[in-house]
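First the structure, in the form of structure tokens, and then the observations on it.
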Amino acid sequence: MPVPALVLTRSQSPAGGLAVRLGEPLLDAYLEFVGARSRANTLL
């Protein structure tokens, strides 16, 4: 099974918070979920 190439990108969300993406929709949704419920350093 091929492994997708994940690239971590950090940016500022439209709401002014930290937005972290990996380029995989399911993982991005999970990171958004965690980011909404924890501190920025916990997400990183």
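The values are calculated or read from the model by the stated rules, or taken from the named source; none is laboratory data. All values reported here derive from a predicted model rather than from experimental measurement. Neighbour counts are summed over all protein chains in view; Cβ atoms, including those assigned to glycine, are modelled from backbone coordinates with ideal geometry. These area figures cover heavy atoms from the full protein model, side chains too; ligands, DNA and RNA do not enter into them. Shrake-Rupley method; radii C 1.70, N 1.55, O 1.52, S 1.80 Å.
Summary of values
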| item | result |
| --- | --- |
| Counted residues, region 12-23 - those being under 16 Å from Val34 (Cβ atoms) and in a strand (DSSP E or B) | 4 |
| Of all residues making up region 6-44, the number that are among the hydrophobic types (A, V, I, L, M, F, W, C), open to solvent by 80 Å² or more (accessible area, probe 1.4 Å) and at pLDDT below 85 | 2 |
